[in-house]
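Notes follow the structure.
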Amino acid sequence: MPSINDYRINLQRAIADIRANRKAETALILQDELALIKSRVVESGQNAAGGSFGKYSQAVVPYWFHGSNLDNADFNVKNKQKELLKKKGYFASYEDWREINNRPTAFKNFSFTNEMMEGIEPMVLADGNDSTNYEFGSDDKAVQDKVNWNKGQDGDFLKQSASERELLTKLNRQRIFKVFAKYDIA
């Protein structure tokens with residue numbers, strides 16, 4: 001059994017280890033958080049409170065309007081527009097457009113091309129000795145514009161849920177306890 005002095009020394013070493021690796025660990029934690037949020041939003045269309053973001057617009061516009069802003073689509077936009085015209089008529093909704101492109105329509109998930117979701121990353125606003133302030137966003141102006149527009153429409157769709165916070169807290173405690181075990185103070 002270690003003496004009180006040995007315990008104190010080991011505790012100081014553990015604290016020093018935690019501080020030395022804090023920024024790297026924080027980066028992992030932020031990536032874990034973002035992955036959980038993206039998964040929830042894209043796979044189930046749920047907001048942080050467990051509710052829905054609503055449905056995609058059923059307001060109709062001329063079929064050729066849909067896809068007119070897609071520069072990076074992994075399909076031929078003109079062919080999809082023709083298919084939309086044939087199946088839905090001259091006037092079609094965004095929900096119709098998503099359906100023609102085999103995208104989910106039962107819930108809103110903010111991912112047509114996935115360009116926005118793939119472009120979102122943790123943005124460190126301030127990083128001190130003991131804390132990091134951050135938000136999720138993008139250095140890419142086009143992606144950030146989409147994030148801002150969607151937040152204006154549906155609120156903070158990148159907000160952490162209570163269950164995500166609980167899981168992240170549990171995982172972070174495990175990281176700390178591994179350091180404690182390394183220095184024989186667990």
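Laboratory data are not the source of any read-out in this text; all were calculated from the coordinates shown. Every value quoted in this text rests on a predicted model; they were computed, and no experiment measured them. Note that each Cβ is placed from the backbone with ideal geometry, even for glycine, and that neighbours are counted across all protein chains shown.
Calculated from the alpha-carbon coordinates, the stretch 96-186 shows an Rg and a Dmax of 18.4, 61 Å respectively.
Share of Cα-Cα pairs in the stretch 80-139 beyond 12 Å, in percent? The answer is 73 percent, as a whole percent. In whole angstrom, the stretch 1-140 maps to an equivalent ellipsoid with semi-axes of 50, 15, 11, each derived as √(5λ) from the alpha carbon gyration tensor and ordered largest first.
From most to least packed by mean Cβ count within 10 Å, the peptides 133-144, 37-48 give 37-48, 133-144.
Of all the options Asn172, Asn102, Asn150, the one that moves most in a Gaussian network model of the chain with Cα springs shorter than 10 angstrom is Asn102.
Projected label points at Leu85 and Asn148, each 7 Å from Cα along the beta carbon direction, are separated by 3.6 nanometres. Note on the chain: helix-only mean residue ellipticity at 222 nm, from DSSP H runs of 4+ residues weighted -39500 (n - 2.57) and normalised by residue number, equals -18000 deg cm²/dmol.
Any of Lys86/Lys151; Lys80/Lys141; Lys38/Lys108; Lys55/Lys170 with alpha carbons more than 23 Å apart? Name them for me. Violating the 23 Å Cα-Cα cut-off are Lys86/Lys151; Lys80/Lys141; Lys55/Lys170. Derived scalar couplings between HN and Hα for the stretch 122-138 equal x, 10, 6, 8, 7, 9, x, 5, 10, 8, 10, 9, 8, 8, 9, x, 8 Hz in order, rounded to whole Hz, by the Karplus curve 6.51 cos²θ - 1.76 cosθ + 1.60 (θ = phi - 60°), x for Gly and Pro. Dipole magnitude for the chain: computed about the Cα centre from +1 point charges on Lys and Arg Cβ and -1 point charges on Asp and Glu Cβ, it is near 380 debye. Helix 4-44 sits at what angle to the longest principal axis of the chain, using alpha carbons and giving 0 to 90 degrees rounded to 10? Approximately 10 degrees, to the nearest 10.
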